[in-house]
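Participant: If you scroll down you'll find the structure; I have some questions about it.
The values are calculated or read from the model by the stated rules, or taken from the named source; none is laboratory data. No experiment lies behind these values; they were computed from the predicted model shown. Here the Cβ is made from the backbone with ideal geometry for all residues, glycine too, and neighbour counts use every protein chain on show. Just the protein is used for accessible areas: all its heavy atoms, side chains included, with ligands, DNA and RNA removed. Shrake-Rupley method; radii C 1.70, N 1.55, O 1.52, S 1.80 Å.
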Amino acid sequence: MNPDQLIRDEIRALTPYHVPEATGYVKLDAMENPYPLPEALRAEIAQLVAHTDINRYPDAEAVRLKARLRQTMGIGPEWDILLGNGSDELIQILAFAVARPGAIVLGLEPSFVMYRMIATFAGLRYVGVPLKPDFRLDREATLAAIRTHQPALVFIAYPNNPTGNLFDEATLLEILAAAPGLVVVDEAYHVFARKSVLPRLADYPNLLVMRTLSKLGLAGLRLGFLVGARAWLAELGKLRLPYNVNALTQVVAERVLGAMAVLEEQAACIREARGELFRALKALPGVEPYPSDANFILFRVPDAERTFEGLKRQGILIKNLNRAHPMLAGCLRVTVGTPEENGRFLHSLATCL
Ligand SMILES: *Cc1c(COP(=O)(O)O)cnc(C)c1O
């Protein structure tokens, strides 16, 4: 017996999700918030962690953390919240829940790679609908694919990763109305886009809104959440492994969300730096940046491999998307860092185009 005989073909065909070694680099590859928390808040967190009973299992329902999320994210009492170990875990729960034989997950292309990967984990068929060449929604193609494939689950990242744009809201609502199954709107970048379909939950009973604290500045904690009608989340919650959100994440996330103003201020700095970075990229000959509502910018260069490797040699790590999807040929993605990091990136970029 060897893996070829036992492991499913589609799993053996997968390439593992690759995380490059980043020690020593200016790290602009993973949409992390570059700013640390204020010293006083860090000291308070140290105290909270010191006094957490890690010999005990965490609160399985994370009651206090959920209450804090409701308050800071403006989630009304009519909606339920499901917490995940990152939103990746929630995507997995959603896929498992609908994984009947023949069921289909529909996503847009190019978009977040985990939708496709996790559909494969769960034994689902994945259908990707191409975006327009400028990365807007292809309304007709998307509605036609929904009619043809009758997907159990549709994932839409809003704003989209890796393209950075928000889709047209009216088209998004048409998709919600046309979809026969669940539509998950993934608002991982909400703090940078400040547009949400959360207020639409009451109008579309098949809508679930997903968010994460990762891009907000807490990537190391791993906390994502899904908001929607109780009837949906009651079923999805059955697939959640007990204690999926650990005690330290619960206590630290609750405290940091209590200082939401700090995170909001950091996000405002990042939004401002995004504008400056975009204008600087636009001014470089041969570089074509795409407008972004997130904390990263996708841009096209004449030779992506050369530029990516050149930046890496100069100690700057960004994301090479050249071979990720045919529509991303020549594309790189840079996370918006501190003004100093962005300056170093721009300076190096000019030397390796
Ligand atoms: C980064 C990202 C996520 C993953 O978030 P985690 O909560 O860290 O698992 C989900 N969706 C999109 C679109 C992302 O870009």
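Participant: Residues to consider are R222, R274; find the one that is at pLDDT 95 or above, closer than 25 Å to D29 by Cα and out of contact with any strand residue (DSSP E or B) (no Cβ under 8 Å at 6 or more places or on another chain).
Facilitator: Sole residue among the options that is at pLDDT 95 or above, closer than 25 Å to D29 by Cα and out of contact with any strand residue (DSSP E or B) (no Cβ under 8 Å at 6 or more places or on another chain): R222.
Participant: Give me a count of the residues in segment 138-152 that are basic (K, R) and either within 16 Å of the ligand (Cβ to nearest atom) or under 27 Å from L236 (Cα atoms) (or both). Can you show your working first?
Facilitator: Residues of segment 138-152 that are basic (K, R), as a first pass: 139, 147.
After this cut, where a residue has to be either within 16 Å of the ligand (Cβ to nearest atom) or under 27 Å from L236 (Cα atoms) (or both) as well, the list is 147.
Qualifying residue count for the region: 1.
Participant: Can you give me the number of residues within segment 303-341 that are in a loop (DSSP other than H, G, I, E, B), surrounded by 20 or more Cβ atoms within 10 Å (Cβ to Cβ) and of a type in the set (A, V, I, L, M)?
Facilitator: Adding up the residues that qualify gives 3.
Participant: Also, quick follow-up: Give the number of residues within segment 1-23 that are open to solvent by less than 80 Å² (accessible area, probe 1.4 Å), touching a residue at least 12 places away in the same chain (Cβ under 8 Å) and out of contact with any strand residue (DSSP E or B) (no Cβ under 8 Å at 6 or more places or on another chain).
Facilitator: The qualifying residues number 3.
Participant: Out of everything in segment 218-248 that is open to solvent by 20 Å² or more (accessible area, probe 1.4 Å) and within 12 Å of the ligand (Cβ to nearest atom), what residue ends up being farthest from L37 (Cα to Cα)?
Facilitator: Top of the filtered list is R222.
Participant: If you don't mind, another one. What's the total number of residues in segment 49-75 that are over 26 Å from the mean Cα position of the chain (by Cα) and of a type outside the set (S, T, N, Q)? First the steps, then the outcome.
Facilitator: So the first thing to find is which residues in segment 49-75 are over 26 Å from the mean Cα position of the chain (by Cα), and the list is 49-57.
When the remaining residues are screened for being of a type outside the set (S, T, N, Q), the result is 49-51, 53-54, 56-57.
Of the residues in that region, 7 qualify.
Participant: Also, quick follow-up: What's the number of the only condition in (1) more than 18 Å from E265 (Cβ to Cβ); (2) open to solvent by less than 80 Å² (accessible area, probe 1.4 Å); (3) not in a helix (DSSP H, G or I) that I54 fails to meet?
Facilitator: Tallying (1) more than 18 Å from E265 (Cβ to Cβ); (2) open to solvent by less than 80 Å² (accessible area, probe 1.4 Å); (3) not in a helix (DSSP H, G or I), I54 fails exactly one: (2).
Participant: Let me ask something else about it. So which of F121, F192, F155, F135 is more than 30 Å from R255 (Cβ to Cβ), buried (at least 20 other Cβ atoms within 10 Å of the Cβ), more than 10 Å from the ligand (Cβ to nearest atom) and not basic (K, R)?
Facilitator: Of the residues listed, the single one that is more than 30 Å from R255 (Cβ to Cβ), buried (at least 20 other Cβ atoms within 10 Å of the Cβ), more than 10 Å from the ligand (Cβ to nearest atom) and not basic (K, R) is F135.
Participant: Residues that are hydroxyl-bearing (S, T, Y), open to solvent by less than 20 Å² (accessible area, probe 1.4 Å), modelled with pLDDT of 95 or more and within 12 Å of the ligand (Cβ to nearest atom): does segment 168-185 have at least one?
Facilitator: Scanning segment 168-185 turns up no residue that is hydroxyl-bearing (S, T, Y), open to solvent by less than 20 Å² (accessible area, probe 1.4 Å), modelled with pLDDT of 95 or more and within 12 Å of the ligand (Cβ to nearest atom).
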